[in-house]
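Right, one structure below, let's go through it.
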Amino acid sequence: MHRLIAPSIRRYWLACLLAAAPLCAFQAQAPAEVYRPSIFPDRIIVNWTEDPATGFSVTWRTTTQVTAASAEIAEAEDGREFAGKARRLNAMTQLYQTDLGLAHGHSVTFINLKPSTDYLYRVGDGENWSAWSRIRTASRTAEPLTFIYLGDAQSGILPMWSRVIREAYAHAPQARFIVHAGDLINNALRDQEWGEWHQGAGWVNQMVPSVAVPGNHEYGRSAPEEERRLTPNWRAQFTMPANGVEGLEGTNYYIDIQGLRMIALNSYEKQQEQAAWLERVLSANPNQWTVATFHHPIYSTAQRRDNKALRELWQPIFDKYRVDLVLNGHDHVYGRTRPVTAADEASGKAGTVYVVSVSGIKFYELARKGVFDRVAEDTQLFQIIRIDGGRLSYECRTAGGQLYDAFELEKRRGRPNRFVNRVPRTPERLRPPKAVE
């Protein structure tokens, strides 16, 4: 088409565009402008309730102008008729303050839903609505289950971490939930980072429930003399089961889903109180599989790091009740053990498999310990865990989707899990050796 335009006219248009370029150049906008709330719902995220077979929760944000928020839900259909059958529930609304100003956090918990059923929901204020999003309730019985596990996002959240969660979803589109093992952001008091976290995950957060625990970076203080406190964003944007230790609402809880007891612990505070709670939760566990997640590792992977007090407090409980898998973050280096107990860290014949992983771009130096079968440095990773009957399969993949680590656990009646190491025949991703001076 451009060949039909006379060369002189083309040169004239080009000169005009070049002259106008400075006027059209983009200028960086302040975070307060980019991430401020509006009357339209944003940061929409779903979480499981105490019974994923019959309910789930959805949370979102608006400006404080929205005082009467609600959510609608209907069984999914392939046409548009479902919208006319939707029922509406009023939201609970809380005011919260961040460094970018005031906002309203809204939440609705849907209950009395049908198990193993697809639903469509949307959120809004009666006039300004989100898109309809689909979510499927869990089965009441033990059925095959897939979930995703991500270590610290923390740094480079929007430009670099976003590709990891999207790649994870591409490899496991039927995942029932995503575990976030703390340090989702870097600065607890910077609302911009939470905006990047929600933007990076996008619509995945609206369809796949998040099972999140806080790390040390979710705790902050405005002045040096103040005690560190949980970010105001946490309870405003996550609606978790209320079955944990009093005072740790939203950060310590458990969920039973399709033969799995998923336990979330807050390793930053009230560790002793959670030890007693953990004993009760594990002693009355009817599920075949048990997985726990918290931020600070039982077995650290980074230089000059060791959580000895936490290990001595919680590991004996994991050993006593044969917890299958523990998922951690914090150290910004990948490490995966064989099954270990406090009394035996060498044989790999019994105990719990412990994993430390990282999904963002903040990396530390590895401190190699004999307990780890596979490690990595300077690598963004995601993990996919699949449970099918008496078998658990674990895959760790790079940001580009390449298989980096794998193992299987097989249940054996009255005996420890059978452990099968399936490490791929690729070299470990490690920093070059330091030059000797």
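The values are calculated or read from the model by the stated rules, or taken from the named source; none is laboratory data. Please read these numbers as outputs of a predicted model, since none were measured by experiment. Virtual Cβ from ideal backbone geometry, glycine too; neighbours counted across all protein chains shown.
Odds and ends about this structure:
- Every residue from region 172-205 that is in a strand (DSSP E or B) and either within 17 Å of Ala103 (Cα to Cα) or of a type in the set (A, V, I, L, M) (or both): Ile178, Val179
- Selection within region 397-437 - surrounded by fewer than 10 Cβ atoms within 10 Å (Cβ to Cβ) and on the phi > 0 side of the Ramachandran plot: Gly414
- Enumeration of residues in region 252-279 that are assigned to a loop (DSSP other than H, G, I, E, B), closer than 20 Å to Pro297 by Cα and not hydroxyl-bearing (Ser, Thr, Tyr): Asn252, Leu265, Asn266, Glu269, Lys270
- Options Tyr299, Tyr334; residue that is out of contact with any Cys (no Cβ under 8 Å at 6 or more places or on another chain), under 23 Å from Val423 (Cα atoms) and touching a residue at least 40 places away in the same chain (Cβ under 8 Å): Tyr299
- Residue that is surrounded by the most Cβ atoms within 10 Å (Cβ to Cβ) [pool: residues in region 296-317 that are under 16 Å from Thr337 (Cβ atoms) and basic (Lys, Arg)]: Arg311
So that you can scan it fast, the table gives a plain yes or no per residue for (1) in contact with a His (Cβ under 7 Å, 6 or more places away or on another chain); (2) of a type in the set (D, E, K, R); (3) within 21 Å of Arg425 (Cβ to Cβ); (4) part of a strand (DSSP E or B):
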{"residue": "Phe363", "(1), (2), (3), (4)": "yes, no, no, no"}
{"residue": "Val375", "(1), (2), (3), (4)": "no, no, yes, yes"}
{"residue": "Thr379", "(1), (2), (3), (4)": "no, no, yes, no"}
{"residue": "Gln383", "(1), (2), (3), (4)": "no, no, yes, yes"}
{"residue": "Cys396", "(1), (2), (3), (4)": "no, no, yes, yes"}
{"residue": "Gly400", "(1), (2), (3), (4)": "no, no, yes, no"}
{"residue": "Asp405", "(1), (2), (3), (4)": "no, yes, yes, yes"}
{"residue": "Glu408", "(1), (2), (3), (4)": "no, yes, yes, yes"}
{"residue": "Lys411", "(1), (2), (3), (4)": "no, yes, no, yes"}
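- Total residues in region 99-117, condition in a strand (DSSP E or B) and either farther than 30 Å from Arg221 by Cβ or touching a Phe, Trp or Tyr at 6+ places or on another chain (Cβ under 7 Å) (or both): 6
- For region 206-223, the set of residues classified as assigned to a helix (DSSP H, G or I), over 25 Å from Asp331 (Cβ atoms) and polar (S, T, N, Q) consists of Gln206 only.
- Some residue of region 89-98 being touching a Gly at 6+ places or on another chain (Cβ under 6 Å) and part of a loop (DSSP other than H, G, I, E, B): no
- Taken residue by residue, region 299-311 has at least one member that is over 24 Å from the mean Cα position of the chain (by Cα), closer than 19 Å to Leu265 by Cα and not small (Gly, Ala, Ser).
- The residues of region 385-394 that are assigned to a strand (DSSP E or B) and touching a residue at least 60 places away in the same chain (Cβ under 8 Å), listed by number, are Ile385, Arg386, Ile387, Asp388, Leu392, Tyr394.
- Test: Glu249 is part of a loop (DSSP other than H, G, I, E, B) and modelled with pLDDT under 95: no
- Across region 333-362, the number of residues qualifying as of a type in the set (Ser, Thr, Tyr) and either at positive phi or surrounded by fewer than 16 Cβ atoms within 10 Å (Cβ to Cβ) (or both) comes to 1.
- Test for Val326: is it at negative phi, in contact with a helix residue (DSSP H, G or I) (Cβ under 7 Å, 6 or more places away or on another chain) and at pLDDT 95 or above: yes
- Once region 245-259 is narrowed to residues that are surrounded by fewer than 23 Cβ atoms within 10 Å (Cβ to Cβ) and out of contact with any helix residue (DSSP H, G or I) (no Cβ under 9 Å at 6 or more places or on another chain), the residue that is farthest from Lys320 (Cα to Cα) is Gln258.
- Flag for Ala138 being touching a Gly at 6+ places or on another chain (Cβ under 9 Å), in a loop (DSSP other than H, G, I, E, B) and crowded, with 21+ Cβ neighbours inside 10 Å: no
- Residue check, Thr59 without any contact (Cβ under 8 Å) to a residue 60 or more places away in the chain and not assigned by TED's automatic domain parsing to the domain that holds Val211: no
- Criterion: out of contact with any helix residue (DSSP H, G or I) (no Cβ under 8 Å at 6 or more places or on another chain), of a type in the set (Asp, Glu) and not assigned by TED's automatic domain parsing to the domain that holds Arg229 - qualifying residue of Glu127, Glu167: Glu127
- Test: residue in region 280-289 that is buried (at least 19 other Cβ atoms within 10 Å of the Cβ), touching a residue at least 24 places away in the same chain (Cβ under 8 Å) and not in a helix (DSSP H, G or I): yes
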